[in-house]
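A short write-up of the structure that comes next.
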Amino acid sequence: MELFDKSKIEQEIRELPSGILKILLDAAVSVNINSIAIVGGVVRDLITKSKNKHSQIIFNDLDLIIEGETSNYVKELQKVLGQKRVKVIRNNTAYKTSEILINGIKVDIAAAREEKYPIPGENPIVKLSTIKEDLVRRDFNINAMAIELKDNRLIDLFSGLDAIKNMKMDFLHESSVLDDPTRIIRASRYSAKLDFNLSNQALKQIKDTVKLWPWKWHIGDDIDLAPSALSIRLKMELELLLKSKYWKNALKNLQSWGGLTIVDSKLQNDQRLIEKIFTAKNSNIEPLIALVYESKNPIYVARRLHLNQQQKEIIEGACRLNKYLKNLTDNDLYKKWTPSKWTTFLEGINANESSFILEICRENSLKKYLKSWLFKWKDIESPIKGDDLIAKGWSPGPEIGIEIKRQRMKLIDEEVIS
């Protein structure tokens, strides 16, 4: 099997300090860890670099997998390097992982584990295992490789080398999508990022699984019963996709594969979806909010994906605004409305600015009125204040507020709808 010498790896990955891989290995040996290996995108990039000297290695962090307890290993690293050089960022006892910083370099350490899915789409049951068994649980052949640090050998159980050479990725198992439908989202992201194609078998698995819909929960059911892979973890994968540089191609992949069906049928069939999200992003709207708002039932999808309160309020406000505007278009009376009438109407809807921007990005037929209010009318203030009126002899009371509003609306009516 192909060898990757530790010193050469450090030369290729300039962010790694000289000798750090030996230190990581020696610390593992000291606490009786049987095996330690590098996994993740770095392995993929090192392989590509070995075949093509002009390719680049994009280093964000170092992913390690060990056959042993991560907590003991981290303590040993702190003992060897000192606590100032090794800072613990996060420990996840359920999945037996640790995230640390060594000299400012992020290192993710995971105990080799085996995963079993008792119910498709739900979180798996985890138990400690070997590195080879850990690679078996992964999603794609290009991600199921590891470089063992003891003897520098590449572990490649699923022909990942050939996949990289042929620029074609595949799922590891026939039930990969059944077990975890978020793998569809990851497949589209990796495919777009690496410019790899999915194998025919992988494409067939996606289409057949989605069409069959083998999960007990269906879209429209109680959101509290939705499995993790069709709710919170689905949201996490969508966020990663939409934040990537290659999000447009990734969404194109999903629509061509039928993959967006696991989120919403309207999103799957919306031929202007990418254009709408692009417009929203340019208006400083989170792309995930823009995506959810284009779904068939945005409020339902927002709750299903566990969006945060602020995100849900923006979507709910936009839905409320859209409903009011639809009622207006049933007649032409609004065409005779003055700017002050529009201002009173829109400010009574109780929606924030981002909600208005969402509707504008959707190309609402009344968007010129929305834009006029958002960018001009709402910022116009009354030329006279309460203290001014009192100084003129007005008695404190509701009449002052009415007069201030009247003066503001008078000033607004001097503006032109554009």
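The values are calculated or read from the model by the stated rules, or taken from the named source; none is laboratory data. Just so you know, these numbers come straight off a predicted model, no measurement behind them. Cβ coordinates were reconstructed from backbone atoms using ideal geometry, including for glycine residues, and neighbour counts include every protein chain displayed.
Out of Leu267, Leu325, Leu291, one residue alone is under 20 Å from Ile184 (Cα atoms), in contact (Cβ under 8 Å) with a residue 40 or more places away in the chain and either in a helix (DSSP H, G or I) or in contact with a Cys (Cβ under 6 Å, 6 or more places away or on another chain) (or both). It is Leu291. For the range 143-187, the set of residues classified as part of a helix (DSSP H, G or I) and within 26 Å of Ser231 (Cα to Cα) consists of Asn143, Ser176, Val177, Leu178, Asp179, Thr182, Arg183, Ile184, Ile185, Arg186, Ala187, listed by residue number. Each residue in the range 12-46 was checked for being over 31 Å from the mean Cα position of the chain (by Cα), in a helix (DSSP H, G or I) and over 13 Å from Leu64 (Cβ atoms), and 4 pass. Determine, yes or no, whether Lys376 is closer than 20 Å to Glu403 by Cα and either among the aliphatic types (A, V, I, L, M) or out of contact with any helix residue (DSSP H, G or I) (no Cβ under 6 Å at 6 or more places or on another chain) (or both). Spelling it out, it is not the case that Lys376 is closer than 20 Å to Glu403 by Cα and either among the aliphatic types (A, V, I, L, M) or out of contact with any helix residue (DSSP H, G or I) (no Cβ under 6 Å at 6 or more places or on another chain) (or both). Filtering Asp139, Asp134 for residues that are in contact (Cβ under 8 Å) with a residue 60 or more places away in the chain and surrounded by 18 or more Cβ atoms within 10 Å (Cβ to Cβ) leaves a single hit, Asp134. Checking Phe356, Phe375 one by one, the residue that is of a type in the set (A, V, I, L, M, F, W, C) and loosely packed, with under 15 Cβ neighbours inside 10 Å is Phe375 and no other. Put simply, of Ile299, Ile314, Ile274 the only residue that is aliphatic (A, V, I, L, M) and touching an Asp or Glu at 6+ places or on another chain (Cβ under 7 Å) is Ile299. Among the residues of this structure, Ile57 counts as one that is surrounded by 15 or more Cβ atoms within 10 Å (Cβ to Cβ) and in a loop (DSSP other than H, G, I, E, B).
Close Cβ contacts (under 7 Å, 6 or more residues apart or on different chains) running from residues in the range 24-35 that are touching a residue at least 12 places away in the same chain (Cβ under 8 Å) and surrounded by 14 or more Cβ atoms within 10 Å (Cβ to Cβ) to residues that are basic (Lys, Arg) and outside any helix (DSSP H, G or I) comprise Leu25/Lys150; Ser35/Lys150. Residues in the range 188-215 that are among the polar types (S, T, N, Q) and not in a helix (DSSP H, G or I): Asn197, Ser199.
For every residue, the table says whether it meets (1) more than 22 Å from Gln56 (Cα to Cα); (2) touching a Cys at 6+ places or on another chain (Cβ under 6 Å); (3) among the aliphatic types (A, V, I, L, M); (4) in the same structural domain as Gly68 (by TED's automatic domain parsing).
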| residue | (1), (2), (3), (4) |
| --- | --- |
| Ile142 | no, no, yes, yes |
| Asn152 | no, no, no, yes |
| Asp162 | no, no, no, yes |
| Asp180 | yes, no, no, no |
| Ser199 | yes, no, no, no |
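The set of residues from the range 140-184 being acidic (Asp, Glu) and farther than 23 Å from Ser50 by Cβ comprises Glu174, Asp179, Asp180. The set of residues in the range 99-118 being surrounded by fewer than 15 Cβ atoms within 10 Å (Cβ to Cβ) and either within 28 Å of Gln201 (Cα to Cα) or not hydrophobic (A, V, I, L, M, F, W, C) (or both) consists of Asn103, Gly104, Lys116, Pro118. Take the conditions (1) in a loop (DSSP other than H, G, I, E, B); (2) acidic (Asp, Glu); (3) in contact with a Lys or Arg (Cβ under 9 Å, 6 or more places away or on another chain); Asp330 misses just one of them, which is (3). Of everything listed in (1) at pLDDT 90 or above; (2) more than 15 Å from Glu347 (Cβ to Cβ), the single unmet condition for Leu389 is (1).
Taken together, the criteria place Ala94 among residues that are hydrophobic (A, V, I, L, M, F, W, C), assigned to a loop (DSSP other than H, G, I, E, B) and either over 21 Å from Tyr190 (Cβ atoms) or at pLDDT 90 or above (or both). Within the range 359-372, the set of residues being surrounded by 15 or more Cβ atoms within 10 Å (Cβ to Cβ) and among the charged types (D, E, K, R) comprises Glu359, Arg362, Lys367, Lys371.
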